[in-house]
Every structure is written in structure tokens, then in C-alpha cells.
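Notes to accompany the following structure.
The values are calculated or read from the model by the stated rules, or taken from the named source; none is laboratory data. In this text, all values refer to a predicted model and were calculated from it rather than measured experimentally. No Cβ is skipped: glycine too gets one built from the backbone with ideal geometry, and neighbour counts run over all protein chains shown. Please note that ligands, DNA and RNA were not included when accessible areas were found on the heavy atoms of the full protein model with its side chains. Shrake-Rupley method; radii C 1.70, N 1.55, O 1.52, S 1.80 Å.
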Amino acid sequence: MRAVLTAGPTLEPIDPVRFLSNRSSGRQGYALAEALAALGIEVTLVSGPTALNDPPGVATVRVETAREMLAAVEDALPADVFIAVAAVADWRPAEPSGVKLKLDKSGIGALKLVENPDILRTIAALPPGARPRLVAGFAAETHDMLVHARDKRLRKGADWIFANDVSGDVMGGTHNTLTLITPDGETRFGPAPKDEIARQIAQALHGALAR
Ligand code: CTP
């Protein structure tokens, strides 16, 4: 059984000293990669920049930008399951500057953004045969969590969505609470340490794939 995961933030260069990014420690994705590997699953983790060590027993590929992340995921396929945990920057500067931009209207003030590829949506839309059997994503929400997460599952074409309430200190914190949304119903995990949550959802993924 093979799994491919994304984790951490992406980093989109503005100029040699600045970037756009999202708040993400990578902890939940790394813990999930490690928990899946502990179940005997062959895991490739495609990670944006984090302060974490490579998880044991996991092939870890380090990238910076969303486009690099998508290319590394495509290289790592085929897989039985794809899990998008990364906090991908939705936008990137259209043309990163080779020189440091000045803080005026012609510099940072004129920054143009273009949309990044949606990695989860791209993998979920692969044709049968190329598409992993199970495609799962995370929905980090600060309000109306379940409404947004249910909608996100359908919009992105994912099979499963783990809804994550990030209104508290979840980002960068050690504990988490998740609600798994599938076509068959909804299940709550936690509140518990992120590695305990990871073990529980790894079991759920393993169980679904073994069926
Ligand atoms: N995701 C992705 N590629 C992107 C954006 C998001 O793979 N370019 C994945 C994330 O890894 C996560 C899921 O999509 O599994 C939802 O991410 P989220 O940031 O919550 O959703 P957005 O698409 O950014 O929606 P919104 O900002 O409207 O909440």
C-alpha cells in the first residue's frame, strides 16, 4: 500500500528577501506520515519548509513553492491514497523580483498576484487508474467549520475531508480536534495530541483501504 502526503506551508518568493506564506508548523502532516508508515504503508511526504526533522520510515521530499509541491506529488504517484495536509499559499507573486522591492507604489504597492494550482483538486480530478483510490484533504476553518468543510469536500472532488477548527491555538500548537467528513457520515477525533490524532486517522485510512 502506498500513500503520498503534503504537509507544511508553501513559500512563494516576492523578491530576494520576502515571501508569501501560510501559518503551518507541519506537525499534523508529519505525525500522520509517521503513523501511516508505522502501519506498514510506503509513505512519500512532500513537505514545504518546516523546522521538523524528516519522519522516520518516510521518504521525505522538500519543496518551497506550490508549483514545486504539485510536481513532486505527481512524481510520487501512483499511490493508493493521497492526503493533502499542506497549507498551500493560494496566490503567488506573478513575477518574483530579482532585486529587493522598495516599499512604494511601484514596488511592493504594485505587487501582482496569480493563483496557484490547487493540488488537492488536481489529484482528485485525475482519470480513473491514475487517481489514488482515496483522496483526502483538510479544511482549516475559523468559523462555520462543518458548513465550509462539507462544501470543500464537494468543490475539491475529495472523498474525505478532515475539518479542523483553527480558531484557537491549533496552528503551531500540539493538540487538535478533527471531524472526518465522508460520503457515509461524520466522525469526531480528539481533542488529543496531534500524534494521537494521527494514529487514529491513520487507522481509519488503513481500514478504508483494506476494505
Ligand atoms: N489545497 C491544495 N492546494 C491549494 C490549496 C489548498 O492542495 N492550492 C488543499 C489543502 O492541502 C487542504 C485543502 O486543499 O487539504 C483545503 O485547503 P484550504 O486552505 O482550507 O482551502 P482553500 O482552497 O484555500 O479554501 P478557502 O481559502 O476558501 O478556505
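Assigned to a loop (DSSP other than H, G, I, E, B), open to solvent by less than 40 Å² (accessible area, probe 1.4 Å) and within 13 Å of the ligand (Cβ to nearest atom), is that true of A136?
No.
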Leading residue by the ranking (nearest to the ligand (Cβ to nearest atom)) among those in segment 101-114 that are within 26 Å of the chain's Cα centre (by Cα) and exposed (fewer than 11 other Cβ atoms within 10 Å of the Cβ): V114
Residue that is surrounded by the fewest Cβ atoms within 10 Å (Cβ to Cβ), among those in segment 167-193 that are under 18 Å from G8 (Cα atoms) and out of contact with any helix residue (DSSP H, G or I) (no Cβ under 9 Å at 6 or more places or on another chain): D169
Any hit, segment 61-70, residues being closer than 27 Å to W160 by Cβ, crowded, with 19+ Cβ neighbours inside 10 Å and in contact with a Gly (Cβ under 8 Å, 6 or more places away or on another chain): yes
Residue count, segment 71-81 (criterion: buried (at least 19 other Cβ atoms within 10 Å of the Cβ) and either part of a loop (DSSP other than H, G, I, E, B) or away from the ligand (no atom under 15 Å from the Cβ) (or both)): 1
Looking only at segment 9-48, and only at residues there that are open to solvent by 50 Å² or more (accessible area, probe 1.4 Å) and without any contact (Cβ under 8 Å) to a residue 60 or more places away in the chain, the one that is farthest from the ligand (Cβ to nearest atom): G40
Number of positions in segment 139-156 that are within 19 Å of A125 (Cβ to Cβ) and either within 11 Å of the ligand (Cβ to nearest atom) or assigned to a strand (DSSP E or B) (or both): 6
Residues within segment 118-133 that are part of a loop (DSSP other than H, G, I, E, B) and open to solvent by less than 40 Å² (accessible area, probe 1.4 Å), tallied: 1
Of all residues in segment 82-100 being farther than 23 Å from R211 by Cβ, open to solvent by less than 40 Å² (accessible area, probe 1.4 Å) and part of a loop (DSSP other than H, G, I, E, B), the one that is farthest from the ligand (Cβ to nearest atom): S97
